[in-house]
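**Q** Sharing a structure here in structure tokens format.
The values are calculated or read from the model by the stated rules, or taken from the named source; none is laboratory data. Quick caveat: nothing in here was measured; it's all calculated off a predicted structure. Because the Cβ atoms are built from the backbone with ideal geometry, glycine has one as well, and the counts that use them run over all protein chains shown. These accessible areas exclude ligands, DNA and RNA; they are computed on the full protein's heavy atoms, side chains included. Shrake-Rupley method; radii C 1.70, N 1.55, O 1.52, S 1.80 Å.
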Amino acid sequence: MNLLQTIPSRMVSLGGMKIRRVLPHTKRRMVGPFIFMDQGGPLRIPNEMASGIPEHPHAGLSTFTYLMEGSVLHRDSAGYRAHIRSGDIALMTSGSGITHEEIPIAEEGAREHRMFMAQMWLALPDEHEDMTPTFEHHQRPSLPVYTQPNATARIAMGRVWGKSAPTTCYAPTFYTELRLRSGMIELRADYDEHALYILSGDASLDGKALEPHTLYVWEKDATRLSSPNGCHGLYFGGDRFPTPRWIGGNFVASSREKLLHWIQRSQTPYWPHIRR
């Protein structure tokens, strides 16, 4: 394995919640098309404090929400509305501009809201950068699962271990949630760049001990993930992005000029807003 980088997460505050931010980082901006990564939770939030993420804009990217626990209401300015539950994914492609909000929904009768999620942003190739905004909601049963006697992997994007997810990929991309009970699993996917993020447990890559909440990035090699007692992680990546990307605020763009245009436009009445 050609291990390129080890990237620790850092704690930040978002909507009153403490979360772990992984990408972008000074060491590395992207893994395949992934240009942003947050880990939220596991959290236990009293219902009266679970206000969620209020309406905010995006352009030039797709937001990819992978929910491992909890439930969230998605609502956006293109008119899409969906109740995202544990095991579901939401892919919102902002294209030329959209606003959205994500509101936690507590289980009936519960006094607190439980949340465990990863949110990623994916840069859009030049030909899709200004596309009409769209939204996909894929429920847990529609996502293929790869199993071996000691491991289970849910495939949320792309094709891995011979199984393909239904999620649209605008650039070559893969994303999986992996649970290894003990023993070994080979991480093999036909893409340029690979990353592994351990959420919990003890694990090693080709004999190198791994730390939880740290991103490990390597190139196109088959790699063995081992664990004596079990681990839970996210394995994702894609082909190397063909053109540079600028990121600022909630926007990603192919040029500094376009990035500034989107930022400035978002501050005007002409930017789309959710219809109440």
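**Q** To the nearest 20 Debye, how big is the dipole of the chain about its Cα centre, given +1 on the beta carbon of each Lys and Arg and -1 on that of each Asp and Glu?
**A** Here the chain has a charge dipole of around 340 debye.
**Q** So, one more: Roll a 1.4 Å probe over the protein chains and send me the accessible area per residue for the chain in Å².
**A** Per-residue accessible area for the chain comes out at 45 Å².
**Q** Lysine pairs in the chain with alpha-carbon atoms under 28 Å apart, 8 or more places apart or on different chains: how many are there?
**A** Lysine pairs meeting the criterion: 7.
**Q** Still on this structure, please answer the following. Out of Met92, Ser182, Val160, whose Cα points farthest toward the positive end of the dipole of the chain (charges: +1 Lys, Arg; -1 Asp, Glu; placed on Cβ)?
**A** Final value for the positive-end residue is Ser182.
**Q** In degrees, nearest 10, range 0 to 90: what is the angle between the Cα axis of helix 256-265 and the longest Cα principal axis of the chain?
**A** Once rounded, the angle reads 50 degrees.
**Q** Volume per residue, Å³, of the convex hull around the alpha-carbon atoms of the stretch 96-148?
**A** For the stretch 96-148, the hull spanned by Cα atoms encloses 177 Å³ per residue.
**Q** Quick one: pull the percentage of alpha-carbon pairs in the stretch 194-276 with a separation above 15 Å.
**A** 69 percent
**Q** Using the eigenvalues of the Cα gyration tensor, what equivalent ellipsoid semi-axes result for the stretch 222-270 when each is taken as the square root of five times the eigenvalue, whole Å, largest first?
**A** 39, 16, 6
**Q** For the stretch 212-276 and the stretch 144-168, compute the distance between their C-alpha centroids and round to whole Å.
**A** 21 Å
**Q** Under a GNM of the chain (C-alpha, springs under 10 Å), which listed residue has the highest mean-square fluctuation: Gly158, Gly60, Gly207?
**A** Comparing Gly158, Gly60, Gly207 in a Gaussian network model of the chain, the most mobile one is Gly207.
**Q** Computed over the Cα atoms of the chain, what is the convex hull's projected area averaged over all directions, in nm²?
**A** Averaged projected area of the chain's Cα convex hull equals 14.5 nm².
**Q** Mean residue ellipticity at 222 nm from the helices of the chain, using -39,500 (n - 2.57) per DSSP H segment of n ≥ 4 over the full residue count, to the nearest 500 deg cm²/dmol?
**A** -1000 deg cm²/dmol
**Q** Which residue, Thr173, Thr243, Thr63, tops the fluctuation ranking in a GNM of the chain built on C-alpha contacts under 10 Å?
**A** Judging by the Gaussian network model, the answer is Thr243.
**Q** If you don't mind, another one. Of Glu55, Glu127, Glu101, which has the largest mean-square fluctuation in a 10 Å C-alpha GNM of the chain?
**A** Maximum fluctuation in the GNM of the chain, among the listed residues, is at Glu127.
**Q** List every residue whose amide H lies under 5 Å from the amide H of Met68, counting only residues 5 or more places away in sequence or on a different chain, with H placed 1.01 Å from N in the peptide plane.
**A** Distant-sequence amide H within range of Met68: Gly87, Phe116, Met117, Ala118.
**Q** May I pose another question? In whole Hz, with x marking every Gly and Pro, tabulate ³J(HN,Hα) for the stretch 88-96 from phi via Karplus 6.51 cos²θ - 1.76 cosθ + 1.60, θ = phi - 60°.
**A** 8, 10, 10, 10, 10, 9, 6, x, 6
**Q** Hey, another quick one. Considering the convex hull of the alpha carbon atoms of the stretch 122-276, report its projected area averaged over all viewing directions, in nm², one decimal.
**A** In nm², the orientation-averaged hull projection of the stretch 122-276 is 11.5.
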